[in-house]
Structure formats: C-alpha cells, structure tokens
Amino acid sequence: MTSPVTEPGIRVDAGAARAYVRRCADAVRRHAPLLTRLDVALGDGDHGDNLLIGFAAVEESLSAEPPESISGVLSSVGTALVASVGGASGPLYGAAFLEAGFAARAADELTVDDLARLARAAADALARRGRCGIGDKTIYDALAPAADALEQAAARRAGFVDAVRDATLAARRGMRSTRPLVARRGLAMRLGDRSRGHLDPGAVSCFLLVRALAAPEPGPT
Amino acid sequence: MPLEAERPVAPDEHARIFHEAQRSADTIFSHYQLSQLLATHALPGTMAQAVLDELVHVCDAAGGGIWLARGPHLELELAARTGSENPPAEPPDPAPESAVADEAWVRVDLEDVAVVALASSPGRPIDGAARRFLSLVRHELAIALRGALLREMLERERAELAAVFQGASDAIVLVDADRRITRVNPAAERMLRRSGGSVIGEPCERALRCDASGEAPPSCGRPCPFERVLRTGEPWTAAERVVLAATGEATSVVGSYAVTSQSPDGRPRAVGILRDTTELARLAELRRGFLGSVSHELRSPLALIQGYVETLLHLDPDPASQRGYLRRIDEAVNRLSAMVGQILDASALAADQLELAHAPVDIGALIRDAAGELAVRFPDVAVDLSIAEGLAPLPGDRERLRQVLDNLLANAAKYGGGSVQVRAAATDDTVSIRIEDGGIGVPADEHELVFEQFHRGRNVRERNVPGSGLGLAISRRLIEAHHGTIAFDPDRTRGSAVEVRLPLVADRAVTIGIEAEGTPA
C-alpha cells in the first residue's frame with residue numbers, strides 16, 4: 001500500500017533483490033581489473049580479486065538454495081562475503097549486507113522508505129565494523145552519501161527511479177571525494193600523505209554496488 | 001507484502017543472537033585490523049597512535065597511552081595517548097590493583113621497547129578477555145614498535161647522510177664492482193657538467209673522461225684508483241690528477257678512494273671523494289709569482305737604502321752629497337711604501353667584500369685632479385687632456401675611481417716615453433676613458449695576463465722598471481666592481497692604449513665579492 005503509485009510495475013521483492021545481487025556480481029566481474037589496479041596503488045592489490053571470489057561465492061549460495069525473502073537474500077550475501085573473502089572488504093561488505101538483511105525483517109516488498117532504512121543500517125554497520133567515518137578514504141565515503149540521498153528521496157516521497165538515481169550520483173561524488181584524501185584506515189594508512197591522489201578502491205567498488213541498484217526488474221521473477 | 005511499522009518485530013532472541021554474532025565479528029575484524037596495522041611501515045608516532053586506538057577499542061578501555069624507548073638514552077617517552085582525561089607522564093605502576101582514583105590501568109611491558117597501558121572507566125574494569133588478548137599480542141606489538149623505531153632511526157640517518165652527500169663541496173662518485181657509476185652527488189654533477197641521471201651506469205673512465213686520448217691533459221690516471229681499492233680493499237689517497245668535464249673543462253683533483261658496502265650480489269662497491277684543487281693550484285702559481293717578482297722589488301730599494309745609509313755613516317760625505325743620498329733614500333722609501341700599500345690593497349680586495357660608495361662622481365674633474373698630481377710626480381711627462389663637455393656624473397666610489405686613474409696614469413708616465421694623452425667621452429649609457437702613451441707598450445699576447453696579480457710584462461721585466469705587478473690587477477677589480485670594463489686596445493701598434501668603460505646606469509648593486517667573482521671571462 002506504500003508502493004509508489006507513480007512507478008507501476010516496479011516491485012522490490014525477493015526476486016528483485018536476487019536480480020540486484022546478480023547485477024552486483026556482473027559489475028564486479030566487469031570492473032575487477034580496475035579495482036585491483038587501484039588497490040595496487042594503495043593497498044595490497046587484491047581488491048578486485050577478493051570481490052570476484054566473494055561474489056562467485058554469493059552466486060553459488062544463492063543458486064544452491066535461493067532464499068525466499070529479501071532478508072534472506074541479503075543475509076545470504078553477507079554470510080557468503082564474510083566466509084569467502086580474505087581481505088578486509090569481505091567482513092566490511094558482509095557486515096553491511098547482514099545488517100541490511102536484518103533491517104529488512106520479514107518484509108516481502110520494500111518501499112523507498114525501507115530502502116533508505118536498509119542503506120542506513122548497512123552504512124552504520126560498515127562504520128561500526130571498520131570504525132571509519134566520512135573522510136577516512138574508505139568504502140564509507142561512498143556508502144554514507146548514498147544512504148543520505150535515499151533518506152532525502154524518501155522524505156520527499158520520491159519514487160524508486162529518482163531515489164536510486166540520486167543515490168548513484170551521491171555515491172559517485174563520494175567516491176570521487178576520496179581522491180585527495182589521506183587514508184586513515186586500512187593498509188593505505190601506511191602510505192600517509194602518499195595516499196593522496198588515488199581513488200580509494202573500496203569507495204569505487206561501493207559506487208559500483210550502489211549503481212547496480214538501478215534498473216530494478218519489474219515484477220516477480 | 002510491504003513492511004509495516006506496527007508489524008511485530010523479529011523475536012528478541014533472534015535479534016540478540018544476530019547482534020552478538022555481529023559484535024563478535026566486529027571484534028575479530030578489529031584483530032585483523034590490528035594485525036594489518038602491525039605489518040605496515042608506519043613511523044613510531046603514527047604506529048603507536050593507531051595501535052593504541054585499536055587496543056582501546058578491542059579491550060573496551062576508556063583510554064590509554066604508549067611509551068616508547070626512543071630518547072638518546074632509550075628512556076621511555078609518551079608516544080601516543082587517547083581517551084584518558086589525565087594520562088600519567090610516566091607509565092602507570094605495573095600493579096593495576098594499586099591504581100588510584102577512578103581509573104584502573106592495565107600495563108604491558110613490551111621487551112624494553114615500549115610500555116602499553118590501558119585505563120578502564122569507572123565500573124567497567126578491563127576484563128579477563130582483554131587482558132588475555134593483550135598478553136597474546138604483546139610479542140607482535142613489540143616487534144612492530146621496534147620495527148617502527150628502527151625505521152625512524154634509519155630514516156634519520158639516511159636523511160643526515162643524504163644532506164652530507166648532497167651538500168658536500170667535494171665531488172662524490174660511487175661505483176659498483178665493474179666500476180660503473182651508481183651514484184654521484186651534485187658537486188660531481190657540477191664538476192662533470194652532466195646530470196646525475198646521464199652518468200649512472202657508465203664506466204668510470206668514460207664518466208670521468210679517463211679514456212680521453214690525444215692532446216687531452218693527463219687524465220685520471222692509471223692504474224685506476226677505483227680498480228685499485230676494489231682489488232685490494234684498502235683505502236687509498238691518489239695524488240693530483242685531472243678530471244675532464246663533458247664540455248672539456250679540466251679539473252685538478254685529489255681523490256680519496258675506499259671500498260664501501262657490498263652490493264646484494266656480494267661484490268664490493270667503491271666510493272671516490274674528489275676534491276677540486278684547481279683553485280689551490282692557481283693560488284700556488286700566484287704565490288710563486290709573488291715570491292719571484294715582489295721579493296725582488298722589495299729587496300732592491302732596501303739594498304739601495306742600505307748602501308746609502310752605510311755611506312752616510314762611514315764615509316762622512318760633504319753636505320751636498322748627504323742631501324743627494326738622503327733624497328735617494330727618500331725615493332726608495334716612497335717606492336717601498338707604495339709597493340707595500342699595493343700589496344695590502346690587493347690582499348684586502350681578495351679577502352673582503354668590497355664596500356663601494358655609491359654617489360655621483362664628476363669624472364671630468366676627477367681626471368683633471370689626477371692629471372694635475374701626475375704633473376707634480378712626473379714633471380718631465382707631458383699630459384694632454386681631452387675631456388668632453390658636460391659629462392654626466394657617474395654613480396660610483398670617488399676614491400676608488402681616483403685610485404684607478406692614478407694607477408693608469410702612473411703606468412703611462414713610467415713606461416710611456418714622455419707623453420700621455422687622456423680622452424674622456426660619453427654615450428647615453430657609458431663613459432669611456434682612454435689613456436694612451438707612446439712608450440714601450442704591452443706585448444699583444446700579454447694584454448690579458450698583465451691584469452693578473454703579480455704578472456709583469458716581459459718587456460718591463462727586461463728593462464728592470466720597478467713595480468709590484470699589482471696595479472692593473474687592482475684596477476681591473478675596482479672597475480669590475482663598478483660593472484665596468486678595462487682593456488688594452490689590441491690594434492694599438494705604438495705605445496699602449498688602455499680603455500676604461502663605466503656604465504652610467506646605477507641599477508645594480510655595487511657590493512661585490514672580488515674573489516667570489518672568479519676569473520673574468
């Protein structure tokens with residue numbers, strides 16, 4: 001009943017959530033070399049590979065036993081990432097997806113309000129686990145603005161298309177904001193001032209995952 | 001179906017289990033973050049602070065501090081602190097039970113490298129799990145912090161050595177076991193007139209141009225000093241030899257050579273420290289010139305004085321002869337005194353910054369004054385003046401310019417065969433003063449040399465005219481300090497013509513280090 005009437009045909013349900021996860025996996029496959037290249041400059045050069053491994057595990061777990069709820073899909077993604085990824089990105093993205101899954105509770109379908117709430121829960125979990133804030137040159141620099149944008153979109157009762165577009169733009173701005181920053185968390189911290197001038201690979205992968213929200217598939221799968 | 005606010009939430013038990021699992025995952029991730037941190041190459045301050053922040057979080061403490069043994073006597077210094085309102089300046093007592101006030105401190109000594117201490121907040125003591133964690137990671141902490149301290153020390157030493165290497169005025173050249181250049185300092189780049197990057201990897205004999213053949217000056221010599229120290233392992237100081245720059249300039253050097261560290265393949269490397277002795281050689285040459293000409297010039301008037309004085313003492317000449325002898329003694333003393341004055345002047349000019357007055361000088365009046373005095377000193381010499389009307393005043397030092405004029409006029413009178421012409425004229429920006437005589441002249445191949453200290457023209461030496469060989473050197477330095485030029489007219493066939501040009505524009509500073517200017521081109 002809170003489904004946006006302006007966007008008939010868009011239903012954000014478990015099927016849409018599974019489709020979203022598949023788009024995430026596609027984006028990671030497409031951009032893994034870029035992520036790894038960025039990580040060579042700042043970290044240990046495995047961010048692309050780690051996410052490839054993580055999302056391969058995610059797809060396997062989803063296809064082996066497709067969860068029937070949104071919460072189940074997101075929790076399953078989180079669990080697979082935590083269990084399969086060796087670097088920091090697994091536990092961090094894992095925390096975000098698990099919290100989002102928990103926040104989704106028993107909902108069968110999400111409103112823009114719900115989506116904003118899930119994004120906020122994911123961002124908070126990530127900040128708690130990574131103990132990072134805005135400006136630390138991390139995933140959070142892209143994720144938090146996206147959550148903000150979704151909340152604002154929900155507040156003005158925008159539809160999914162607008163809300164997701166705003167979130168993507170905000171994540172892109174957040175991702176770009178990491179270039180001049182000095183890393184304060186993670187391996188890049190050791191570089192000190194030399195971490196300036198490079199995009200944070202985590203912020204880039206986060207932008208990709210936020211962008212994958214776009215084009216939600218209409219109707220149940 | 002859409003999510004609704006009034007819908008019953010997940011059972012409390014489910015939430016509790018979920019959050020507990022998330023928290024324990026957070027803790028595991030904190031351990032991961034800490035281990036990642038310990039593996040970084042951060043310097044002590046950064047490392048200590050980051051480690052402390054992590055520990056305070058993992059152990060759920062209120063704050064804490066890390067003290068590192070990093071002073072000159074490895075005394076403990078507070079390197080990081082967080083949270084605690086009043087962190088102790090010293091690490092807290094090892095026995096946490098005795099802690100005062102509201103804070104209870106847990107202290108971990110890290111193998112004499114550091115002390116980590118965490119403070120609990122009131123009512124929330126640091127628990128057994130945290131203490132166990134601290135004792136589990138203490139070795140890793142010690143290794144990481146010791147590594148950070150070592151890195152800091154190495155970085156400091158590297159910076160100091162780099163400053164020595166970069167700033168040394170001696171050229172420093174490093175070669176590998178095959179005598180290929182691995183590093184040169186800026187002084188070596190200047191000596192070789194090449195950038196460091198272009199020299200790296202070249203065999204030393206090519207970089208230092210030891211292989212220059214034909215008419216090249218004796219080059220860096222054989223056996224190669226690098227070859228020698230690499231073979232024997234013993235340091236060696238080589239006698240003077242010559243290094244050729246890329247542009248052909250030869251530099252006399254004295255080199256100290258030694259074997260340095262081994263390269264990763266276990267073969268020795270060598271360093272050569274080359275001191276430029278060109279200037280020393282030039283000074284030695286000057287000293288020889290000084291001893292040769294000046295000692296003679298000083299001794300002959302002394303001998304004259306001695307002779308006349310002995311005559312006066314022992315032969316009791318008549319009063320007329322006595323006056324004659326005394327006049328000659330007076331002349332000889334004046335000559336000596338003038339010569340000593342010039343020598344002092346020349347050495348003062350060489351040693352000091354020359355402070356010039358900078359006031360308008362009426363150059364016409366100055367020439368007339370000098371010519372008037374010359375007529376008194378040399379009554380037999382005819383002086384012909386031709387000074388252009390309305391010469392603009394020249395910015396400069398009146399006394400110093402007068403000194404130059406006196407010197408040039410006296411030369412013309414001394415060697416000039418009885419007549420001297422002085423012409424002064426001006427263009428928009430230059431005053432030129434030309435002094436001509438019809439005397440013995442300066443041989444064309446010595447037009448430049450006579451401006452060197454102690455150099456005297458060979459025709460002058462042959463004729464035994466007394467002089468110190470300093471007048472023209474002093475004159476050139478003074479004129480150059482006024483940004484002017486002084487030179488003999490190369491086309492003059494009879495006698496000599498020397499021309500001084502002085503700029504009328506006073507836009508340049510006139511405080512000039514004479515010796516620092518180097519040899520004029």
(message) One residue is enough: does the range A:63-75 have a residue meeting the conditions surrounded by fewer than 18 Cβ atoms within 10 Å (Cβ to Cβ) and either more than 22 Å from A:A106 (Cα to Cα) or in contact with a Leu (Cβ under 9 Å, 6 or more places away or on another chain) (or both)?
(response) no
(request) Check every one of the strands (runs of 3 or more DSSP E) wholly within the range B:415-488 and list those with 2 or more residues that are surrounded by 15 or more Cβ atoms within 10 Å (Cβ to Cβ) and under 31 Å from the mean Cα position of the chain (by Cα). (result) B:485-488
(message) Please go through the range A:80-101 and give me each residue that is more than 10 Å from every other protein chain (Cβ to nearest Cβ), assigned to a helix (DSSP H, G or I) and crowded, with 23+ Cβ neighbours inside 10 Å, ordered by number.
(response) A:A80, A:L81, A:S89, A:Y93, A:A96, A:F97, A:A100
(request) Sort through A:R176, A:R194, A:R165, A:R117 and tell me the only one that's within 15 Å of the chain's Cα centre (by Cα) and surrounded by fewer than 19 Cβ atoms within 10 Å (Cβ to Cβ). (result) A:R165
(message) Quick check on my filter: what residues within the range B:104-130 are part of a helix (DSSP H, G or I) and free of Cβ contacts under 8 Å to residues at least 40 places away in the same chain?
(response) B:G128, B:A129
(message) Quick check on the range A:173-182. Is at least one of its residues free of Cβ contacts under 8 Å to residues at least 40 places away in the same chain, of a type in the set (A, V, I, L, M, F, W, C) and more than 12 Å from chain B (Cβ to nearest Cβ)?
(response) yes
(request) Select from the range A:102-122 the residues that are within 7 Å of chain B (Cβ to nearest Cβ) and of a type in the set (V, I, T) and list them in ascending order. (result) A:T111
(request) Among the residues of the range B:37-55, write down those that are surrounded by 20 or more Cβ atoms within 10 Å (Cβ to Cβ) and touching a Gly at 6+ places or on another chain (Cβ under 8 Å). (result) B:A42, B:L52, B:L55
(request) Select from the range B:131-178 the residues that are assigned to a strand (DSSP E or B) and touching an Asp or Glu at 6+ places or on another chain (Cβ under 9 Å) and list them in ascending order. (result) B:A171
(message) Among the residues of the range B:148-168, what is the count of those that are small (G, A, S), surrounded by 11 or more Cβ atoms within 10 Å (Cβ to Cβ) and over 18 Å from B:L76 (Cβ atoms)?
(response) 2
(request) Filter the range A:66-79 down to the residues that are of a type in the set (S, T, N, Q) and within 12 Å of chain B (Cβ to nearest Cβ), then identify the one that is farthest from A:A203 (Cα to Cα). (result) A:S69
(message) Please verify whether B:I363 is surrounded by 18 or more Cβ atoms within 10 Å (Cβ to Cβ) and out of contact with any Pro (no Cβ under 8 Å at 6 or more places or on another chain), treating the condition exactly as stated.
(response) no
(request) Pick out the one residue from A:D141, A:D114, A:D136 that is out of contact with any His (no Cβ under 7 Å at 6 or more places or on another chain), in a helix (DSSP H, G or I) and over 21 Å from A:Y20 (Cα atoms). (result) A:D141
(request) Could you run through the range A:123-137 and say how many residues are within 12 Å of chain B (Cβ to nearest Cβ) and among the hydrophobic types (A, V, I, L, M, F, W, C)? (result) 4
(message) Report every pair of residues separated by at least 6 positions or lying on different chains whose Cβ atoms are under 8 Å apart, first residue within the range B:22-33 and over 14 Å from A:L98 (Cβ atoms) and more than 7 Å from chain A (Cβ to nearest Cβ), second of a type in the set (D, E) and in a helix (DSSP H, G or I).
(response) B:S30/B:E54; B:Q33/B:E54
(message) Which count do you get for residues in the range B:245-295 that are hydroxyl-bearing (S, T, Y), under 21 Å from B:L470 (Cβ atoms) and touching a residue at least 12 places away in the same chain (Cβ under 8 Å)?
(response) 1
(message) Anything in the range B:262-307 that is among the charged types (D, E, K, R), assigned to a helix (DSSP H, G or I) and under 31 Å from the mean Cα position of the chain (by Cα)? List them, or say none.
(response) B:E279, B:R282, B:E285, B:R287, B:R288
(request) Test B:D330 against the criterion of being outside the structural domain of B:I435 (by TED's automatic domain parsing), out of contact with any Cys (no Cβ under 8 Å at 6 or more places or on another chain) and on the phi < 0 side of the Ramachandran plot, and give yes or no. (result) yes
(request) Scan the range B:3-14 for residues that are facing chain A (nearest Cβ under 8 Å) and either farther than 27 Å from A:A80 by Cβ or modelled with pLDDT of 85 or more (or both) and jot them down. (result) B:R7
(request) Under 9 Å between Cβ atoms, at least 6 apart or on separate chains: pull out the pairs that start in the range B:411-436 with a residue that is in the same structural domain as B:R494 (by TED's automatic domain parsing) and end on any residue that is of a type in the set (S, T, N, Q) and in a loop (DSSP other than H, G, I, E, B). (result) B:N411/B:S496; B:A412/B:S496; B:Y415/B:S496; B:G416/B:S496; B:I435/B:S496; B:E436/B:S496
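The values are calculated or read from the model by the stated rules, or taken from the named source; none is laboratory data. Bear in mind that the values here come from a model prediction, so they are computed numbers and not experimental data. Counting neighbours? That spans all protein chains shown, and the Cβs are built from the backbone with ideal geometry, glycine included.
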